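Since the structure comes first, as structure tokens, the remarks are kept for the end.
The values are calculated or read from the model by the stated rules, or taken from the named source; none is laboratory data. Predicted model, so just to flag it, every value in this text is computed and none were measured. Please note: Cβ atoms are built from the backbone with ideal geometry, for glycine as well, and neighbour counts cover all protein chains shown. Ligands, DNA and RNA are stripped out before the accessible areas are found, and what is left, the full protein with its side chains, is counted by its heavy atoms. Shrake-Rupley method; radii C 1.70, N 1.55, O 1.52, S 1.80 Å.
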Amino acid sequence: VSITAHDDKWIGAWAGAAALSIGKSDKTSHSVGIGGAVGVNQANITNSVLLNNVEIKAGKTSVSARSKGTITAEGLALAVATGGKRESEAFDGSVSVNMIDQTTQVDADNIILTSDSPDDQYEQTAWNGVTQVTGGTSAGFSSSEGTSLAGGFSVAISEINNNVASKLNHADFNSTGDVKIAALVSGNQITHAFTGQLAVGGDSTYAFAGAA
């Protein structure tokens, strides 16, 4: 007897923005480029097997709840400002957020298992193997014969709540086989934030970058 709840998911949120300000006239005194991007995943996921008041007369019995897959949130922002005779400014920012509540469980109550073979066994497993990726990238470039300013930030936030449980209550096993109960987690959590800023100017240049 095999009872399984299997969840194989792929959830993605991508956001991208680019701002270009390029002045080519000799009369262009001020050039500004501003770009921003936000990618957000918010989900409440439940994958469970519930058994109540069950009598099993069979050989090997397997009960499992399994969750796997990939959840990704990525933000990319680009800002370019060039050609300003007096000033050029480029500002960019990206924010990526994963807010995930996930429950993977097996809840068995009042189970009766009858078997005459010592090779028969009862296996109960809850397993979570989800890969979660949260990342933000931003880049800015500013060029001017006068004052040049480039500023940007990148923020990646992961708020993950994984609940994995394998419960067995009020069980009566009339068998000499093995009983195996397991709750397992083997997922990956990856969070990255990158930002790069370049300011090129004649009189004054300023570049600011931050990542979290």
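For this structure, a couple of remarks:
- Residue in the stretch 83-104 that is of a type in the set (Asp, Glu) and crowded, with 23+ Cβ neighbours inside 10 Å present: yes
- Single condition VAL164 does not satisfy, out of (1) within 15 Å of SER96 (Cα to Cα); (2) open to solvent by less than 50 Å² (accessible area, probe 1.4 Å); (3) β-branched (Val, Ile, Thr): (1)
- For ILE181, the criteria (1) at pLDDT below 85; (2) within 30 Å of LYS57 (Cα to Cα); (3) open to solvent by 70 Å² or more (accessible area, probe 1.4 Å) hold in every case but one, which is (1).
- Of VAL95, VAL63, all but one fail to be over 30 Å from HIS192 (Cβ atoms) and modelled with pLDDT of 85 or more; the exception is VAL63.
- Residues satisfying the stated conditions in the stretch 187-212, i.e. surrounded by 16 or more Cβ atoms within 10 Å (Cβ to Cβ) and among the charged types (D, E, K, R): none
- Residue, nearest to the chain's Cα centre (by Cα), within the stretch 122-146, restricted to residues that are of a type in the set (A, V, I, L, M) and closer than 30 Å to ASP178 by Cα: VAL130
- Under the condition of being farther than 13 Å from ASN163 by Cα, under 34 Å from the mean Cα position of the chain (by Cα) and open to solvent by less than 40 Å² (accessible area, probe 1.4 Å), the residues counted in the stretch 105-121 number 1.
- Any chance GLY69 is under 27 Å from GLY12 (Cα atoms) and surrounded by fewer than 23 Cβ atoms within 10 Å (Cβ to Cβ): yes
- Taking the criterion of being basic (Lys, Arg) and in a strand (DSSP E or B), the residues of the stretch 49-108 that qualify are LYS57, ARG66, LYS68.
- Selected residue (only one of LYS68, LYS57, LYS85 is within 16 Å of the chain's Cα centre (by Cα) and over 19 Å from THR191 (Cβ atoms)): LYS68
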